[in-house]
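Engineer: Here it is, the structure, as structure tokens.
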Amino acid sequence: MPTANPVKSQHRRSLKETDPSIYEIIQREERRQEHNLELIASENIASTAVREALACVMTDKFAEGYPGKRYYGGCEHVDEAEQLAIDRVNQLFGSKFANVQPHSGAQANMAVYHAFMKPGDTLMGLALSDGGHLTHGSPVAFSGQMYNIVSYGLKADETIDYDDLRKKAQESKPKIIVSGASAYSREFDFKFFTKTAEEVGAIHMCDMAHYAGLIAGGVYPNPVGTAHITTSTTHKSLRGPRGGIILYDNEEYDKPLRMSVFPGLQGGPLMHVIAAKAVAFGLCLQPDWKQYAQQVKKNAQALAAALTQEGFRIVSGGTDSHLMLVDVRPFGINGKVAQAALERANITTNKNTIPNDPEKPFVTSGVRLGTPAVTTRGMKEPEMQEIAAQIATVLRAPDDDSVTSAVKEDVTALCSRFSIHDVS
Ligand code: DSN
């Protein structure tokens with residue numbers, strides 16, 4: 001009688017049997033997602049197909065290199081998956097070249113900087129306090145520590161100050177000018193960035209991470225074909241797995257960018273994540289993606305209008321995208337208090353600095369809200385009215401537990417009408 005292989009029998013046990021602790025924690029997170037309104041602008045609800053690919057056997061495979069040119073054997077199937085991801089993302093955004101290996105948006109940005117700048121060279125990006133990202137030159141991140149940073153910002157109406165940007169570019173002669181943001185609700189004039197960059201001999205890199213899903217659906221300007229290089233994450237409004245991409249048209253950028261991602265910054269690509277990216281890009285190529293993107297934007301505009309009616313101030317007066325910055329000071333509170341009170345009512349947001357914020361980044365005067373996740377659940381304009389009223393009710397009495405509990409019941413009921421399990 002052959003003896004049972006103990007490693008094998010353990011290997012095929014379910015997560016629940018093998019590790020009940022982590023299984024239960026995951027169940028709790030799933031219940032949190034089901035019963036909470038997710039209004040964090042950078043989050044979404046990945047499809048079953050994306051999550052299935054993320055959990056596939058390709059997690060086992062080392063594939064340093066690129067399709068057709070790997071440093072390991074046995075890459076024929078991961079090659080196919082990576083090539084499909086490349087072809088689909090090029091089709092989706094209209095790019096000629098794509099690198100789908102960056103592990104995150106931050107690493108995609110880092111790879112572009114590493115390819116075209118030396119430490120000490122000048123990088124221009126939107127100031128973090130005006131909506132930029134850590135990787136766009138914040139002093140607490142690698143970008144601000146390795147490069148000379150010249151930030152541009154907003155003018156009095158809380159939109160990009162293009163005159164100042166051009167003046168600063170002419171004075172500082174940056175190597176790279178970054179467009180794109182984490183907390184800017186309006187459209188970027190990508191053509192202006194390219195024109196300015198070309199005047200000073202710089203590369204215009206657009207970080208479209210926040211807007212990618214809207215761009216894929218045709219409801220936000222597409223930087224690809226205008227910006228010299230475009231980076232993105234693949235989760236956020238694009239609703240795929242966590243990860244990064246780099247898109248470009250100029251063949252001269254191909255070698256430096258490939259070398260910068262691998263072997264410059266990364267070793268083995270995450271092939272299961274790349275398979276999941278391919279699935280997500282395929283879903284974005286379906287005709288119903290346009291409807292989703294349109295609804296995300298309509299919902300954001302409806303939410304911003306309803307919050308204004310409730311007495312909040314929306315930074316820049318509104319939104320052209322999926323997100324908005326809400327100044328909560330008219331309610332006599334700060335962003336930290338607002339986030340905590342909303343969380344007690346099962347409404348998940350993040351506190352966020354607003355332009356010229358007198359508060360520290362850990363306190364802030366605002367919250368950032370976004371509609372990608374609630375739109376994935378199927379919510380539309382009437383639900384945005386409901387949500388605005390719930391937010392206002394909580395924030396008018398942030399310390400009143402009876403108010404918070406009553407709103408939490410309403411939020412849970414709203415969530416159960418739009419279950420995450422019903423998402424197609
Ligand atoms: N942390 C992300 C966001 O919330 O916008 C940016 O990468």
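The values are calculated or read from the model by the stated rules, or taken from the named source; none is laboratory data. Only a predicted model underlies this, so the values are computations on that prediction, with no experimental measurement involved. All Cβ positions, glycine included, derive from the backbone under ideal geometry; neighbour counts span all protein chains shown. Accessible surface is based on the protein model in full, side chains and every heavy atom, while ligands, DNA and RNA are left aside. Shrake-Rupley method; radii C 1.70, N 1.55, O 1.52, S 1.80 Å.
Engineer: Where does the chain land at 222 nm, in deg cm²/dmol rounded to the nearest 500, when only DSSP H runs of n ≥ 4 count, each adding -39500 (n - 2.57), divided by all residues?
Structural biologist: Here the helix-only value at 222 nm equals -13000 deg cm²/dmol.
Engineer: Carbon and sulfur together cover what percent of the accessible area of the chain at a 1.4 Å probe radius?
Structural biologist: Heavy-atom surface of the chain belonging to carbon and sulfur, 1.4 Å probe: 52 percent.
Engineer: Based on the alpha-carbon gyration tensor of region 251-378 and its eigenvalue square roots a ≥ b ≥ c, which shape applies: rounded if a/c is under 1.5, prolate if not and a/b is larger than b/c, or oblate?
Structural biologist: In terms of gyration-tensor shape, prolate.
Engineer: Probe radius 1.4 Å, ligands and nucleic acids left out: which of V403, V50 has the largest accessible area, and how do the rest follow?
Structural biologist: Correct descending sequence by accessible area is V403, V50.
Engineer: Which of T159, T18, T59 ends up with the largest GNM mean-square fluctuation for the chain, with Cα atoms connected below 10 Å?
Structural biologist: Evaluated over the chain, the most mobile residue of the options is T18.
Engineer: Shifting gears a bit: Would you work out if region 21-131 is rounded, prolate or oblate? Take a ≥ b ≥ c from the square roots of the eigenvalues of the alpha-carbon gyration tensor; rounded if a/c is under 1.5, else prolate when a/b is larger than b/c, oblate otherwise.
Structural biologist: Note, shape of region 21-131 comes out oblate.
Engineer: For K155 and Q294, what does the FRET efficiency come to when R0 = 30 Å and r is the distance between their Cβ atoms, rounded to the nearest 0.05?
Structural biologist: 0.55
Engineer: Let me ask you something else. I'd like to check one number: the per residue accessible area of region 278-353, probe 1.4 Å, reported in Å² as a whole number.
Structural biologist: Here the per-residue accessible area is 36 Å².
Engineer: Further question: Kirkwood-based Rg over Rh for region 36-77 (C-alpha set), two decimals?
Structural biologist: Across region 36-77, the Cα-based Rg/Rh ratio is 1.21.
Engineer: Bin by bin, in steps of 10 Å, what percent of the Cα pairs in region 238-282 do you find, going until the bin that has the longest distance?
Structural biologist: Distribution as computed: 24, 44, 32, 0 percent.
Engineer: So, one more: Quick check: net charge around E82, other residues with Cβ under 13 Å of its Cβ, Lys/Arg +1 and Asp/Glu -1?
Structural biologist: Summing Lys/Arg as +1 and Asp/Glu as -1 gives +1.
Engineer: Viscosity 1.567 mPa s, temperature 4 °C: what is the translational diffusion coefficient of the chain from Stokes-Einstein with a Kirkwood Rh over Cα pairs, rounded to a whole number of µm²/s?
Structural biologist: Diffusion coefficient, whole number: 57 µm²/s.
Engineer: I would also like to ask the following. Could you name the lysines in cross-link range of K16, using Cα to Cα under 16 Å and dropping any fewer than eight places away on the same chain?
Structural biologist: none
Engineer: Find out how many positive minus negative residues lie around R242, taking Lys and Arg as positive, Asp and Glu as negative, among other residues whose Cβ is under 14 Å from that of R242.
Structural biologist: +3
Engineer: According to the square roots a ≥ b ≥ c of the eigenvalues of the Cα gyration tensor, what is the shape class of region 1-72, taking rounded for a/c under 1.5, prolate for a/b larger than b/c otherwise, and oblate for the remainder?
Structural biologist: oblate
Engineer: What do you reckon, how do E198, E252, E187 stack up by accessible area (1.4 Å probe), largest on top?
Structural biologist: Ranking E198, E252, E187 by accessible area, largest first, yields E252, E198, E187.
Engineer: Rounded to the nearest 10 Å², what accessible area does F97 show when all protein chains are kept and the probe is 1.4 Å?
Structural biologist: 50
Engineer: Can you give the accessible area per residue of region 364-424, in Å², using a 1.4 Å probe?
Structural biologist: 41
Engineer: Under unit Cβ charges (Lys, Arg +1; Asp, Glu -1), what dipole magnitude, rounded to 20 debye, does the chain have relative to its Cα centre?
Structural biologist: 520
Engineer: Could you pull out every whole DSSP H run in the chain that spans at least 18 Å of Cα extent along its own axis and averages 1.0 or higher on the Kyte-Doolittle scale?
Structural biologist: Those that pass (Cα extent of 18 Å or more, hydropathy at least 1.0) are 271-284.
Engineer: Please identify, among G73, G317, G240, the residue showing maximal mean-square fluctuation in a Gaussian network model of the chain using a 10 angstrom Cα cutoff.
Structural biologist: G73
Engineer: Bin width 5 Å, origin at 0, all Cα-Cα pairs of region 150-249: what percent of pairs per bin?
Structural biologist: 3, 14, 24, 24, 18, 12, 5, 1, 0
Engineer: Write down the accessible area per residue of region 61-153 in Å², having rolled a 1.4 Å probe over the full set of protein chains.
Structural biologist: On a per-residue basis, 43 Å².
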